[in-house]
Amino acid sequence: MTAKSNETTQPLVRVENLVKNYSKKKLVGSAEEVRALDGVSFSIFRGTTLAIVGESGSGKSTLALCLACLERRTSGNVWFEETDLGGLREKGRRVIRRQIQLIFQDPANSFNPRWSVLEILTEPLVVQGNLGHEEMKSRAHVLLEQVALPRRLGEKFPSELSGGQRQRLAIARALGLAPKLLILDEALSALDCSVQAQIANLLMDLQASLGMTYLFISHDLAMAAYLADEIAVMSRGQIVEQGAPEGILRRPESKITRELLAAVPRLDFSRPSTEP
């Protein structure tokens, strides 16, 4: 993958031969071992987007959980900057979790319904414990502005927001911890097309202004092609095809890529330029 001009030559994330097994209980007999990830390898450079695309059950979400230190690998290696995540104790894993933030399809499940928007945004800052009340409130207003939400929504509750507004709130909360990697696990799939486009453009604006690095997980090849610098197609726990969006989508080599491509009625390979 070619690094952009604002990147270093070292990847932010490096995954080598990652394996994750689960034990599946059976009604009769011994438990069965299921391999969710089977020798996955890739790198993500700073300021770029890698899209992981595949059908349900391909291992995409398990990969996200392993990278975010929410699941332990069975074997293989994951480096974040120069840190080997597999060798960390719980204290070190907590530090890494602040730097790798996850956003899911339905962010409402991760919001306390009794908290206002401002309380949701300031809660991670309270945990950090290095800001006063007014500083946290000011920081929350800045976060709202970064995701194009009006300040007046600060007193609202998650149930009073639209789906697109809740997703913007989830992004704002993640940004509050100044993460180095944002993992978006089907984060756009529950939104209608126009709102998907708005959030996708917001993500690219944040990438341009803040130098964000994304792992974008989806079953939608069209959106992956729009957002990503590189696409990796997964099937049955393995990456079966990987490369630049134009090459993969115009000349798909694997059967699963062709099947995913057939499900997309129309693809636009152009990506808005971030050049001034």
Restricting attention to region 92-114, which residues are more than 18 Å from LEU125 (Cβ to Cβ) and free of Cβ contacts under 8 Å to residues at least 60 places away in the same chain? GLY92, ARG93, ILE96, ALA108, ASN109, PRO113, ARG114
Counting only residues that are under 14 Å from the mean Cα position of the chain (by Cα), not in a loop (DSSP other than H, G, I, E, B) and not aliphatic (A, V, I, L, M), which one in region 209-229 is farthest from PRO11 (Cα to Cα)? SER218
Would you mind telling me which numbered condition in (1) touching a Pro at 6+ places or on another chain (Cβ under 8 Å); (2) assigned to a helix (DSSP H, G or I) LEU206 fails? (1)
Filtering region 136-193 for residues that are over 14 Å from GLU123 (Cβ atoms), in contact (Cβ under 8 Å) with a residue 40 or more places away in the chain and touching a Lys or Arg at 6+ places or on another chain (Cβ under 6 Å) leaves a count of 1
How many residues, within region 204-222, are under 18 Å from LYS60 (Cβ atoms) and without any contact (Cβ under 8 Å) to a residue 60 or more places away in the chain? 1
Do we find a residue being at pLDDT 95 or above, buried (at least 19 other Cβ atoms within 10 Å of the Cβ) and under 30 Å from ARG14 (Cβ atoms) anywhere in region 108-121? no
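Would you call GLU90 acidic (Asp, Glu) and surrounded by fewer than 14 Cβ atoms within 10 Å (Cβ to Cβ)? Break it down stepwise before answering.
Working: acidic (Asp, Glu): yes; surrounded by fewer than 14 Cβ atoms within 10 Å (Cβ to Cβ): yes.
Here the answer is yes, as GLU90 does meet what is asked.
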Flag if LEU144 is hydrophobic (A, V, I, L, M, F, W, C), buried (at least 17 other Cβ atoms within 10 Å of the Cβ) and farther than 30 Å from GLU71 by Cβ: yes
Just a yes or no: is a residue in region 193-205 acidic (Asp, Glu), closer than 30 Å to ALA108 by Cβ and modelled with pLDDT of 95 or more? yes
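The values are calculated or read from the model by the stated rules, or taken from the named source; none is laboratory data. On a predicted model such as this, the values are computed, not experimentally measured, just so you know. We place every Cβ from the backbone using ideal geometry, glycine too, and count neighbours over all the protein chains shown.
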